[in-house]
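Trainee: What follows is a single structure, and I will ask about it in a moment.
The values are calculated or read from the model by the stated rules, or taken from the named source; none is laboratory data. Bear in mind that the values here come from a model prediction, so they are computed numbers and not experimental data. In this analysis, Cβ positions are derived from the backbone assuming ideal geometry, glycine residues included, and neighbour counts consider all displayed protein chains. Just so you know, the surface numbers come from the protein's heavy atoms only, side chains and all, with ligands and any DNA or RNA stripped out. Shrake-Rupley method; radii C 1.70, N 1.55, O 1.52, S 1.80 Å.
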Amino acid sequence: MSAQTAVETPYARRWLMLPVVLAALFMAQFDLYVVNVAAPTLERQLGAGPVALELIVAGYAFTYASGLITGGRLGDILGSRGMFLGGALAFTVASLLCGIAQSPGQLVTARLLQGVTGAAMVPQVLALITGVFSPAERPRALAWFGFTVGVGAVAGQVLGGMLLQAGSSGLGWRAIFLVNVPAGLLTFLLARKLIPRRAAGAAKGGGLDPIGAIGIPAGLALALVPMMLGGAKGWPLWTWLSLAAAVPVLAATLGWERSLARRGGRPLLDLSLFRIRSFHRGLVVSGAVFGAFFSFMFALTLVLQSGLGLSPLAAGFSFAPLGLAFAGASMAARRIPPVRAARTVLSGTLIAAAGLVVLLGELTWAADRISALRLLLPMILIGLGNGLAVPALTGAVLTGVGPGQAGAAAGVLTTAQQFASAAGVALLGSVFFTVLGSGEGPSAYAIALRWVAGIGLVLVLIAAAASRALPRPEQPAAEDKKNPSKILGKV
């Protein structure tokens with residue numbers, strides 16, 4: 001089907017399909033962050049020790065982030081529709097296994113499986129959006145994707161606290177996982193009816209690249225695992241050896257991918273994506289934004305619950321202003337024309353930077369008087385800034401990617417975002433706990449949060465500077481001018 005025909009005859013139920021596939025993305029994001037607010041309850045009710053808690057939180061992030069590229073490539077080969085349906089159903093089953101776990105070991109295993117199934121499901125969301133929506137409508141749909149990414153994470157704090165409070169006399173911590181079962185089944189049933197079969201679009205020629213499918217997750221694992229577990233264990237020798245080993249493993253895998261592409265094969269990682277200016281520059285901005293935002297969310301959760309002594313419900317509601325600000329800004333961002341996406345990203349990062357500056361001021365001059373109310377203004381500014389930046393950033397990164405590369409691009413983008421989030425939480429979390437030491441009370445936690453906010457401010461300013469280099473749609477990159485299909489796209 002030509003691009004022209006696709007524009008004239010778009011899929012009639014595409015806007016009904018969009019909230020259904022975004023519901024799956026919401027569940028994956030929700031489960032990535034809801035365990036933060038549930039950690040004290042898991043320790044008390046399930047008897048999870050420090051190592052088990054680390055694996056319950058980090059295990060999902062590891063298998064999710066390391067499997068996204070493979071999941072995206074499988075969508076290109078087998079078809080996005082089938083991969084989405086299979087991933088959604090498997091994620092629902094994995095959530096059920098989490099909810100009925102009888103021991104910390106069982107919950108850790110189920111969380112690892114949940115991450116794998118999320119990695120099969122989530123890349124197909126972007127691939128379906130790119131394949132079903134016309135080029136003119138795609139930025140608006142991608143803005144909804146970015147909106148869901150952020151709101152899902154914030155909801156993990158807010159709704160997680162509500163579920164824990166409501167389930168305290170019955171299901172307890174199990175409620176945060178079991179809520180996915182009816183939601184997942186409904187998503188699966190609606191997706192079967194609403195995702196068009198022509199969106200299946202399996203790639204022609206070549207199967208899954210086994211060396212890439214092993215090498216890329218292995219390299220990411222060698223980097224992610226020590227970052228997620230090293231701080232709590234005092235950075236023993238094995239963490240440094242693992243980090244060092246990640247470099248040659250990833251380098252060798254990328255060399256294989258390049259060689260396979262030159263021989264006419266189908267590598268797992270489509271290296272031609274990195275020749276698209278909007279894509280490779282957008283990855284830099286995404287890494288800085290996600291690393292700063294989600295490490296801040298993690299540290300703030302610790303401050304509210306452990307430092308200020310709030311209950312999970314009260315801590316969750318303390319995130320509500322940030323969540324509302326994020327949602328409102330995201331709704332506004334999706335109405336901004338695509339030609340202004342790069343400017344919107346810049347504006348959002350600068351507003352978030354202003355919020356971090358205000359936060360640093362509060363934490364410097366009122367550390368001994370810190371409260372949820374004093375954190376209100378900086379939280380709103382940070383929510384507004386990220387609410388503008390994240391949806392616009394998703395559109396800016398993927399606008400120049402054609403549907404033939406949609407699954408691969410979605411896998412790389414979401415991997416970069418989740419890797420940055422996990423690395424930010426791990427590394428800045430280590431900074432937080434190192435500064436905190438054996439300190440107790442609001443003042444000690446405020447000083448630890450100040451360090452996280454300071455490093456986050458540096459990352460956000462890097463993102464702001466990098467966003468100025470994002471190409472504008474009215475001035476496409478030179479390689480895009482030579483290949484108009486990258487701009488127009490095909491269904």
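Trainee: Tell me whether segment 187-316 comes out rounded, prolate or oblate; compute the Cα gyration tensor, take square roots of the eigenvalues as a ≥ b ≥ c, and use a/c under 1.5 as the rounded threshold.
Mentor: Since a/c reaches 1.5 but b/c is at least a/b, the shape of segment 187-316 is classed as oblate.
Trainee: Here's another thing I want to ask about it. Which FRET efficiency, nearest 0.05, do Arg335 and Arg258 yield, Cβ-Cβ r, R0 35 Å?
Mentor: So, using R0 = 35 Å, E works out to roughly 0.30.
Trainee: Now a separate question. So if the hydrodynamic radius of the chain is defined as the Kirkwood radius over C-alpha pairs, what does Stokes-Einstein give as its diffusion coefficient at 25 °C and 0.890 mPa s, in µm² per second?
Mentor: 109 µm²/s
Trainee: What nm value, rounded to one decimal, do you get for the distance between Val247 and Arg192 when each label is placed 7 Å out toward the C-beta?
Mentor: 5.1 nm
Trainee: Further question on the same structure: Among rounded, prolate and oblate, which fits segment 209-272 when a ≥ b ≥ c are the square roots of the eigenvalues of its C-alpha gyration tensor, a/c under 1.5 means rounded, and a/b larger than b/c means prolate?
Mentor: Prolate, since a/c reaches 1.5 and a/b exceeds b/c.
Trainee: Also, I was wondering about something else. If packing is taken as the mean number of other Cβ atoms within 10 Å per residue, what is the order of 51-63, 76-88, 247-259, highest first?
Mentor: The packing order, highest mean first, is 76-88, 51-63, 247-259.
Trainee: With the other protein chains left in place, how much accessible area per residue, in square angstrom, belongs to segment 215-274 at a 1.4 angstrom probe?
Mentor: 48 Å²
Trainee: Taking 0.36 nm per residue of sequence separation and subtracting the Cα-Cα distance, how much length would be gained by fully extending the chain between Ser272 and Val93, in nm to one decimal?
Mentor: Computed gain between Ser272 and Val93 is 60.8 nm.
Trainee: Here's something else I'd like to know. Mind running the shape call on segment 320-396? Use the C-alpha gyration tensor, a ≥ b ≥ c as the square roots of the eigenvalues: rounded below 1.5 for a/c, prolate if a/b tops b/c, oblate otherwise.
Mentor: Cα axes put segment 320-396 in the prolate bin.
Trainee: At q = 0.28 Å⁻¹, what is the base-10 log of I(q)/I(0) for segment 54-111 according to the Debye formula with one equal point scatterer per Cα and no solvent? Please give it to two decimals.
Mentor: So the normalised log intensities work out to -1.09.
Trainee: Calculated FRET efficiency, Phe433 and Gln106, Cβ-Cβ r, R0 35 Å, to nearest 0.05?
Mentor: 0.80
Trainee: Tell me the accessible surface of Trp15 in square angstrom (1.4 angstrom probe, heavy atoms of protein chains only), to the nearest ten.
Mentor: Roughly 80 Å² of Trp15 is accessible to a 1.4 Å probe.
Trainee: Give me the distance between the Cα centres of segment 81-107 and segment 30-60, rounded to whole Å.
Mentor: One Cα centre to the other: 16 Å.
Trainee: Same structure, new question: At what distance in nm do the modelled label points of Ser311 and Gln45 sit from each other, each positioned 7 Å from its Cα along Cα→Cβ?
Mentor: Modelled inter-label distance: 1.4 nm.
Trainee: Here's something else I'd like to know. Within the chain, which whole H helices from DSSP have a Cα span along their axis of at least 27 Å and a mean Kyte-Doolittle hydropathy of 0.0 or more, if any?
Mentor: Helices meeting the criterion: 14-45, 50-78, 80-99, 104-132, 138-166, 210-229, 237-262, 277-302, 341-365, 376-398, 406-436, 441-467.
Trainee: In Å, what is the Rg of the alpha-carbon atoms in segment 78-148, and how long is Dmax?
Mentor: 15.3, 50
Trainee: Oh, and also: If you average 1/r over every pair of different alpha-carbon atoms in segment 58-214 and take one over that average, what Kirkwood value in Å do you get?
Mentor: For segment 58-214, the Kirkwood estimate is 16.8 Å.
Trainee: Fully extended, how many nm does the chain gain between Trp365 and Glu440 (0.36 nm per residue separation, minus their Cα-Cα distance)?
Mentor: Contour length minus the Cα-Cα distance gives 25.2 nm.
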